Amino acid sequence: MGPVRVMRVTAIASLTPLEELDADPFLVDSRSQHAMCARWAAERGYVVSRELLVRGLRADHCVLWDGVRPGVDLFVAPSRRVLESALSSVDEFSEECARRGVRVETVGTAEPAYDAQMKARVHRRLSMPTAGYDGR
């Protein structure tokens, strides 16, 4: 029997300022973005090897491509909307992925609906990271 090949997934989330929480809570809630990507990967038997939290990153930026191998790695984001916030150009990124032989996928499920309580938890988690608050 040959070696088992495990796809390594880089989960991309949008780094969106806390000030935008009321207008767009999902883009601010990077933890939920990464969790959505992790569920997608696990359902397919993939392993999340990296989590990136970026905003407006160029398609050729080294942080995206560090250690990425064609046929072994793929990128996943919750949605195109997240990619549009995380990257300077989704089209350029898709072209770069195709050129390098690396897949890019989106989860494609509905974003969670945020009520006031959920927004408050995100706000506490992001505004008190050094106070020992873990977001629960």
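Taken together, the values in this text are just the output of simple stated rules run on the coordinates, not laboratory data. Just so it is clear, the model here is predicted, and its values are computed rather than measured. Here the Cβ is made from the backbone with ideal geometry for all residues, glycine too, and neighbour counts use every protein chain on show.
Assorted remarks:
- Near the amide H of Leu87, within less than 5 Å, lie the amide hydrogens of Gly56, Leu57, all on another chain or at least 5 residues away, with H placed in the peptide plane.
- Remark on Arg103: its backbone amide H falls under 5 Å from those of Gly71, Phe75, a criterion applied only to residues 5 or more positions apart or on other chains, H modelled at 1.01 Å from N.
- Listed values (i) 97, 31, 25; (ii) 50, 35, 29; (iii) 55, 29, 22, entry calculated as Cα extents along the principal axes in Å: (ii)
- Counted charge near Pro78, where neighbours are those whose Cβ lies closer than 11 Å (Asp, Glu -1; Lys, Arg +1): 0
- Derived scalar couplings between HN and Hα for region 59-68 equal 4, 9, 5, 4, 5, 5, 9, 4, x, 6 Hz in order, rounded to whole Hz, by the Karplus curve 6.51 cos²θ - 1.76 cosθ + 1.60 (θ = phi - 60°), x for Gly and Pro.
- Neighbourhood net charge (10 Å Cβ-Cβ; Lys/Arg +1, Asp/Glu -1) for Asp24: -3
- Within the chain, percent of DSSP bridges classed antiparallel, to nearest 5: 0 percent
- Span from the region 1-77 Cα centroid across to the region 98-126 one, whole angstrom: 10 Å
- In region 1-61 the Cα-Cα distances spread across 10 Å bins starting at 0 as 21, 40, 27, 8, 3, 0 percent of all pairs.
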